[in-house]
Amino acid sequence: MRTLYLTDLDGTLLTTRQRISPYTLAVLRRLTERGVLFSYATARSLTSARVVTEGLAPRLPVIVYNGGQIMDAVTGERLLLRQFTPEERAHLRALFQEHGVSPLVYAFVDGMERISWDAARLNPGKRFYLDSRRGDRRLRPLPGPAGLYEGEIFYYTCIGTESELTPLYSALTRSGRYACTLQQELYRPEFWLEVMPRNATKREAMLSLKEMLGCGRVVCFGDAVNDAPMFQAADACYAVANAVDALKAMATGVLGDNDSDGVARWLESHAVPAEK
């Protein structure tokens, strides 16, 4: 039976320095050359994921934006895209304004993927995120709120304190219309509230990728609450030692932490190449 091995990146496959260790890179290259069906599912964009996975060169499509897109990792072609409807965009804009939150808005504007933000509403967390992506052609700073919600929007990120974002998160979850996660940023003190279309989850994207590849099983790996949906639907799921307790409680087993090559060591011992 063909098995897809699917891992989260930050906090799971990546070290705390946001890179793949030489050991993990060597293992993954060797396994994929043998025919193991390996890919990743991340909240990052493909642009950002390519930076932190330099040298990996996955042969399979990858899941980005928390399940909002499945993309060909080589060509950048979008194989699946989830977007908000016009009614959802209007509803979300009203909620953001009601709660005094100015998000980073990910959209196709004039046919190009852009990240827009109100430059007058920066905070340390947003500034850190944007500084880490200097030179990214998607960046679209705006001098004020005008134009922030233009385009075909598929993703929102709100960065701030837990107390600032929790009321908005509560309102979003009460509506039942969206897929949302609220968690502390892995490398910073700020919290991130990410808002996606309801069917834009790692679970839905994982099942779509499983079908695309003709796999009968999926084994997945993760560390955070946004990995819970794919844990619920996988045939086996493994949390790294640094994972949140809620994810460990759901897991088939707990591996070594992300600085100890936990995922790669498990794959080296257990991963089975796909049948020709």
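The values are calculated or read from the model by the stated rules, or taken from the named source; none is laboratory data. Computed from a predicted model, the values in this text were never measured in an experiment. Cβ atoms come from the backbone with ideal geometry, glycine included; neighbour counts cover every protein chain shown.
Remark: Gly216 matches the filter, which requires a residue to be in the same structural domain as Ala251 (by TED's automatic domain parsing) and more than 14 Å from Thr7 (Cα to Cα).
If I filter the range 146-155 for residues that are of a type in the set (Val, Ile, Thr), within 30 Å of Asn258 (Cα to Cα), outside the structural domain of Thr42 (by TED's automatic domain parsing) and not in a helix (DSSP H, G or I), do I get at least one hit? The answer is no, given that none of the residues of the range 146-155 is of a type in the set (Val, Ile, Thr), within 30 Å of Asn258 (Cα to Cα), outside the structural domain of Thr42 (by TED's automatic domain parsing) and not in a helix (DSSP H, G or I).
Tell me, yes or no, whether the range 4-20 has at least one residue that is aliphatic (A, V, I, L, M), farther than 24 Å from Arg114 by Cα, over 17 Å from the mean Cα position of the chain (by Cα) and surrounded by fewer than 20 Cβ atoms within 10 Å (Cβ to Cβ). No - not one qualifying residue is present in the range 4-20.
Scanning the range 91-121 for residues that are among the acidic types (Asp, Glu) and at pLDDT below 95 yields a count of 2.
Check whether at least one residue in the range 98-107 is over 16 Å from Tyr156 (Cβ atoms) and either acidic (Asp, Glu) or not assigned by TED's automatic domain parsing to the domain that holds Pro145 (or both), and report yes or no. No, there is no match, as no residue in the range 98-107 is over 16 Å from Tyr156 (Cβ atoms) and either acidic (Asp, Glu) or not assigned by TED's automatic domain parsing to the domain that holds Pro145 (or both).
Residues that are modelled with pLDDT of 95 or more, out of contact with any Phe, Trp or Tyr (no Cβ under 9 Å at 6 or more places or on another chain) and not aromatic (Phe, Trp, Tyr) are absent from the range 47-54.
Exactly one residue among Leu25, Leu37 is touching a strand residue (DSSP E or B) at 6+ places or on another chain (Cβ under 6 Å) and outside the structural domain of Glu150 (by TED's automatic domain parsing), and that residue is Leu37. Of all positions in the range 214-222, none carries a residue that is modelled with pLDDT under 95, in contact with a Ser or Thr (Cβ under 9 Å, 6 or more places away or on another chain) and not hydroxyl-bearing (Ser, Thr, Tyr).
Taking the range 1-109 and the strands (runs of 3 or more DSSP E) fully enclosed by it, the elements with 1 or more residues that are free of Cβ contacts under 8 Å to residues at least 12 places away in the same chain are at 78-81.
If you filter the range 77-88 down to residues that are under 22 Å from Asn226 (Cα atoms) and not basic (Lys, Arg), you find that the one that is surrounded by the most Cβ atoms within 10 Å (Cβ to Cβ) is Phe84. Looking only at the range 57-76, residues that are buried (at least 21 other Cβ atoms within 10 Å of the Cβ) and under 12 Å from Leu9 (Cβ atoms) come to 4 in all.
Residue by residue, here is whether (1) more than 25 Å from Tyr155 (Cα to Cα); (2) touching a helix residue (DSSP H, G or I) at 6+ places or on another chain (Cβ under 7 Å); (3) at pLDDT 95 or above holds:
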site: Gln184; (1), (2), (3): no, no, no
site: Ala205; (1), (2), (3): no, yes, yes
site: Tyr238; (1), (2), (3): yes, yes, yes
site: Asn242; (1), (2), (3): yes, yes, yes
site: Gly262; (1), (2), (3): yes, no, yes
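If you go through the range 195-244 and pick out every residue that is assigned to a helix (DSSP H, G or I), under 21 Å from Thr16 (Cβ atoms) and in contact (Cβ under 8 Å) with a residue 60 or more places away in the chain, you end up with 2.
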